[in-house]
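Scroll down for the structure; my scribbles are underneath it.
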Amino acid sequence: ATPKPSSAASDVYKRQQSLQPNQTLEIIDTEKSFSRKIDEFTITGTIDRIDLINGQKRIIDYKTSNTPKNPKGEHLHSANTKKKPKHLPEEAYHTVNNKDLYWNDLQLPLYCLSEASDINTELPELYYYNVPKSAEQTALALWNGLSIEDLYAAEKCARAILNSIKQGKFWPPNEQLEPRMDEFADLFPDGIKKAVNGSIFENYKFSEQ
């Protein structure tokens, strides 16, 4: 379900906007249906909110959590770590300012592509509207330095993942997936790799419907 801002959160948002001189803010859409076609697949969802501020479009996704989150940091993780995931396709890796990163989330870039009617014009800004437990920490968090190359890289990653699904490539598994996000986690308390011989599926052919 889409989280709704509390009255305190709304007050903080209004105060943030009032601190910006000579600006006009218009909420042009809320809970807007999102659709992005990639090859024969169609990805759908709901964009929480779209604002227009002095002619600049903002795409805003509400986030409730214990602490505020940064949209760029949530979507792109460093690839130079011991926890580098092994289940991702090559297209999931992306270099930004000479830093090797990988896509951990594709939500906001795909939203942005669906709202960017002309890539030659200014791109929509991407924000999280953080609504943590403390009302004082309620704030907008901007994706700094977003480029059209980032958006194309995200779509390229999505295309590769969809192609893997089409071909029935589901191994190796994502060992970093949080148990609360995995409905089958209780079946593999020690991890799926310790319970399943993945080589059995290497040459398995899924039927195409």
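The values are calculated or read from the model by the stated rules, or taken from the named source; none is laboratory data. Keep in mind that what you see is a predicted model, and the values were worked out from it rather than measured. All Cβ positions, even for glycine, are placed from backbone atoms using ideal geometry, and neighbour counts span all protein chains on display. Surface areas here come from the heavy atoms of the whole protein model, side chains and all, with no ligands, DNA or RNA. Shrake-Rupley method; radii C 1.70, N 1.55, O 1.52, S 1.80 Å.
Check whether at least one residue in the stretch 97-108 is closer than 23 Å to residue 33 by Cβ, in contact (Cβ under 8 Å) with a residue 40 or more places away in the chain and open to solvent by 70 Å² or more (accessible area, probe 1.4 Å), and report yes or no.
Looking for residues that are closer than 23 Å to residue 33 by Cβ, in contact (Cβ under 8 Å) with a residue 40 or more places away in the chain and open to solvent by 70 Å² or more (accessible area, probe 1.4 Å), one finds none in the stretch 97-108, hence no.
Here is a list: 149, 183. Which entry is loosely packed, with under 15 Cβ neighbours inside 10 Å and closer than 19 Å to residue 79 by Cα?
149
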query: For the stretch 25-38, does any single residue satisfy the condition of being within 17 Å of the chain's Cα centre (by Cα), surrounded by 15 or more Cβ atoms within 10 Å (Cβ to Cβ) and free of Cβ contacts under 8 Å to residues at least 40 places away in the same chain?
result: yes
- prompt: Only one residue in 144, 174 is surrounded by fewer than 14 Cβ atoms within 10 Å (Cβ to Cβ), part of a loop (DSSP other than H, G, I, E, B) and of a type in the set (S, T, N, Q), so which one is that?
  reply: 144
query: So residue 105 clears everything in (1) within 12 Å of the chain's Cα centre (by Cα); (2) part of a helix (DSSP H, G or I) except one condition, right? Which one?
result: (2)
message: Among the residues of the stretch 110-129, are any among the hydroxyl-bearing types (Ser, Thr, Tyr), under 16 Å from the mean Cα position of the chain (by Cα) and over 17 Å from residue 67 (Cβ atoms)?
response: yes
